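See structure below.
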Protein chains: 2
Amino acid sequence: MRKPLIIDCHGHYTTAPKALENWRNAQVANLNTPELGPRVSDLKISDDELRESIEANQLRLMKERGSDLTIFSPRASFMAHHIGNFETSATWAAICNELCYRVSQLFPDNFIGAAMLPQSPGVDPATCIPELERCVKEYGMVGINLNPDPSGGHWTSPPLSDRHWYPIYEKMVEYDIPAMIHVSTSCNPCFHTTGAHYLNADTTAFMQCLTSDLFKDFPTLKFLIPHGGGAVPYHWGRFRGLAQEMKKPLLEEHLLNNIFFDTCVYHQPGIDLLTKVIPTKNVLFASEMIGAVRGIDPETGHYYDDTRRYIQAAALSDEDRFQIFEGNARRVFTRLDAALTRKGQ
Amino acid sequence: MRKPLIIDCHGHYTTAPKALENWRNAQVANLNTPELGPRVSDLKISDDELRESIEANQLRLMKERGSDLTIFSPRASFMAHHIGNFETSATWAAICNELCYRVSQLFPDNFIGAAMLPQSPGVDPATCIPELERCVKEYGMVGINLNPDPSGGHWTSPPLSDRHWYPIYEKMVEYDIPAMIHVSTSCNPCFHTTGAHYLNADTTAFMQCLTSDLFKDFPTLKFLIPHGGGAVPYHWGRFRGLAQEMKKPLLEEHLLNNIFFDTCVYHQPGIDLLTKVIPTKNVLFASEMIGAVRGIDPETGHYYDDTRRYIQAAALSDEDRFQIFEGNARRVFTRLDAALTRKGQ
């Protein structure tokens, strides 16, 4: 068996040049006076600055850790869809997506884009479609990040099974792109963003799918649930039992043709459980580096988010490991597969 | 080593006679016209009815599964603190707590009470203290259930680290009783009650403690986080790493003198992870039967919530198992220990 291409399906541009954050701060400061700027053209980031921000960070770590290609989307916590209105998010998403596209052009062997959407609380998700189309058609992006809670921790949108979201799903099916279900910053003081809100959203999204028949309406829709699926694999018996009480089919049939989990679980016992409990075909390698947990684990001497080590050490066959590192990502992200195939990979 | 007493620290009176639900429905129907009743005295449940509801259900399963003693509190999903006002909750909590007390009097060897509190969204938690005192002093209850989100899925209360909650904590410390941090029914359509809201609340509560210095203010305060700690043990590396980034002490020192997890995880791999990752002294046996998941797992032929089997099969020493079944519960629920000691147990 050939050595797998190691595809990290969950990377965000967390290291963008400071000018991006400054621009956003100016946008937020003028939310009620947008005529005072900033204009999109006020943001100037050179290719050299982009290169530097990647080479010194993500690319350096990818080389050190031995991953090849990252599916790269705008910084999740900075999406902050709760800020401002649709126009605010539309401008911000366009800027952030374009930067990820430029990174993918500068490092075509190492990065390929996934889009954030210009969601806004209470706004019809159909408004996101022009940006989604642009990202797929013009930028060659291979997936999207869909925020099930654009309110940022107040959970005011309908569940993912609601027809509210169907315009997005129709477009996803048309383009055959998956969505990573990923919330952004919590502005609810009850929820720490990366320690509670992210994991809660993962569990919540899974359960919204479980209680519904969404995938009967969209048999080819694909959701990637990040952070190892939140609490789901740890409570797999609970979820199997709940589905059983609701007279749903077995989870394999009910959800696992459509739902996938990434490997952003930052210790060996967690990865061992994930890979034991969830069928291999539903697990996609990811690290979300450089992200929520950037330190070195004193118990191992390695970075917490160096998830490749855990996959390497897990009780998996070479074939399973190949699927987790490469095969599953190519199956779920078909546009990524097509792009690799075009390059002879 | 003597055979442990098997103490199930997480049982709710989910099988109360139908008259209780009927009374509650009448209360809810007259929320705006409480003068139309029902009166507390309208609820009539005989000792025989209580006996029957327990003997045919919890006690039968306890005998079948081999557990000895259950810490028994009112049905969590029926607390529904979001309904009505403080008076609504005060009357309802008093009724439910009294029923649990009566069960503990009818079956003193098998049940001991823990109290629900008459919480109400936006109401000072200090208003719960008279009911708490009554339950401890008159009913001999050994713990309380504290709902971190009395709004039922809208999370409108401050985090558990806020001084808002301190009156409860002062009373807990005075009586040396622990709180199980347990939400109730979700009225937010995003959150399925037992498949999302419960687990999310567990994770949220842990993270609220992690980001704060609550246990510096209350070094003897004890929280029991149910459902195996939500997503926490599965993501233990993430939490260790987040604490490290925040320059908090190691979790062992920062939280594990005060936070405990129950074993309501309904499959073997989940229990294996819990008992591997979390120090034994922080794990308390529990099943939450007859609760969210009442079926038989087709993969094992046994009840999902027969958690004793998983503990029995986990890679634990006899001493560890003794602590999980009995020792830790007696250390955390000191009033339970005192009651057992008085009986020569």
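The values are calculated or read from the model by the stated rules, or taken from the named source; none is laboratory data. Because the structure is predicted, anything quoted here is derived from the model rather than measured. Neighbour counts are summed over all protein chains in view; Cβ atoms, including those assigned to glycine, are modelled from backbone coordinates with ideal geometry. These accessible areas exclude ligands, DNA and RNA; they are computed on the full protein's heavy atoms, side chains included. Shrake-Rupley method; radii C 1.70, N 1.55, O 1.52, S 1.80 Å.
Checked against (1) at the interface with chain B (Cβ under 9 Å from one of its Cβ atoms); (2) farther than 23 Å from B:Lys248 by Cα; (3) charged (D, E, K, R), A:Arg294 meets all criteria but (2). Inspection of the range B:308-319 finds no residue satisfying the criterion of being under 19 Å from A:Leu273 (Cβ atoms), assigned to a loop (DSSP other than H, G, I, E, B), at the interface with another protein chain (Cβ under 9 Å from one of its Cβ atoms) and open to solvent by less than 70 Å² (accessible area, probe 1.4 Å). Within the range B:181-190, if we keep just the residues that are open to solvent by less than 10 Å² (accessible area, probe 1.4 Å) and touching a helix residue (DSSP H, G or I) at 6+ places or on another chain (Cβ under 7 Å), the residue that is nearest to A:Cys209 (Cα to Cα) turns out to be B:Cys190. The residues in the range B:213-245 that are of a type outside the set (Asp, Glu), within 7 Å of chain A (Cβ to nearest Cβ) and surrounded by fewer than 21 Cβ atoms within 10 Å (Cβ to Cβ) can be counted, and the count is 1.
Each residue in the range B:214-245 was checked for being assigned to a helix (DSSP H, G or I) and in contact with an Asp or Glu (Cβ under 6 Å, 6 or more places away or on another chain), and 2 of them qualify. Please enumerate the residues belonging to the range A:279-298 that are touching a residue at least 12 places away in the same chain (Cβ under 8 Å) and in a loop (DSSP other than H, G, I, E, B). Answer for the range A:279-298, where residues must be touching a residue at least 12 places away in the same chain (Cβ under 8 Å) and in a loop (DSSP other than H, G, I, E, B): A:Pro279, A:Phe285, A:Ala286, A:Ser287, A:Glu288, A:Met289, A:Ile290, A:Gly291, A:Ala292, A:Val293, A:Asp297.
Of all residues in the range B:323-336, those that are touching a residue at least 60 places away in the same chain (Cβ under 8 Å) have Cβ atoms under 6 Å from Cβ atoms of residues that are of a type in the set (D, E, K, R) and not in a helix (DSSP H, G or I), 6 or more apart or on another chain, in B:Val332/B:Lys222; B:Thr334/B:Asp176. Restricting A:Thr203, A:Thr307 to residues that are within 17 Å of B:His267 (Cβ to Cβ) and hydroxyl-bearing (Ser, Thr, Tyr) narrows the list to A:Thr203. The residues of the range A:62-95 that are in a helix (DSSP H, G or I), closer than 23 Å to A:Phe333 by Cα and either aromatic (Phe, Trp, Tyr) or open to solvent by less than 10 Å² (accessible area, probe 1.4 Å) (or both), listed by number, are A:Met62, A:Ala76, A:Met79, A:Ala93.
When the test is whether a residue is in a helix (DSSP H, G or I), within 12 Å of another protein chain (Cβ to nearest Cβ) and not small (Gly, Ala, Ser), A:Asn200 passes it.
Name every residue in the range A:287-306 that is touching a helix residue (DSSP H, G or I) at 6+ places or on another chain (Cβ under 7 Å) and open to solvent by less than 50 Å² (accessible area, probe 1.4 Å), in order of residue number. Of everything in the range A:287-306, those that are touching a helix residue (DSSP H, G or I) at 6+ places or on another chain (Cβ under 7 Å) and open to solvent by less than 50 Å² (accessible area, probe 1.4 Å) turn out to be A:Ser287, A:Met289, A:Ile290, A:Ala292, A:Val293, A:Gly295, A:Asp297, A:Tyr304, A:Asp306.
Within the range A:17-25, is even one residue surrounded by fewer than 19 Cβ atoms within 10 Å (Cβ to Cβ) and either of a type in the set (Val, Ile, Thr) or under 20 Å from the mean Cα position of the chain (by Cα) (or both)? So far as the range A:17-25 goes, no, none of its residues is surrounded by fewer than 19 Cβ atoms within 10 Å (Cβ to Cβ) and either of a type in the set (Val, Ile, Thr) or under 20 Å from the mean Cα position of the chain (by Cα) (or both). Scanning the range A:145-197 for residues that are within 14 Å of chain B (Cβ to nearest Cβ), over 19 Å from B:Val183 (Cβ atoms) and assigned to a loop (DSSP other than H, G, I, E, B) gives A:Asn147, A:Pro148, A:Pro150, A:Ser151, A:Gly152, A:Ser157, A:Pro158, A:Leu160, A:Ser161, A:Asp162, A:Val183, A:Cys187.
Only one of the numbered conditions (1) open to solvent by 10 Å² or more (accessible area, probe 1.4 Å); (2) facing another protein chain (nearest Cβ under 10 Å); (3) assigned to a loop (DSSP other than H, G, I, E, B) is violated by B:Lys276, and that is (3). Residue count for the range B:263-273, restricted to those that are facing chain A (nearest Cβ under 7 Å) and surrounded by fewer than 22 Cβ atoms within 10 Å (Cβ to Cβ): 1.
Residues that are at the interface with chain B (Cβ under 10 Å from one of its Cβ atoms), assigned to a helix (DSSP H, G or I) and open to solvent by less than 10 Å² (accessible area, probe 1.4 Å) do not occur anywhere in the range A:246-262. Any residue at all in the range A:323-337 that's buried (at least 21 other Cβ atoms within 10 Å of the Cβ), under 13 Å from A:Val265 (Cβ atoms) and among the polar types (S, T, N, Q)? No: zero hits. Residue count for the range A:123-144 satisfying the condition of being more than 11 Å from A:Ser73 (Cβ to Cβ) and outside any loop (DSSP other than H, G, I, E, B): 12.
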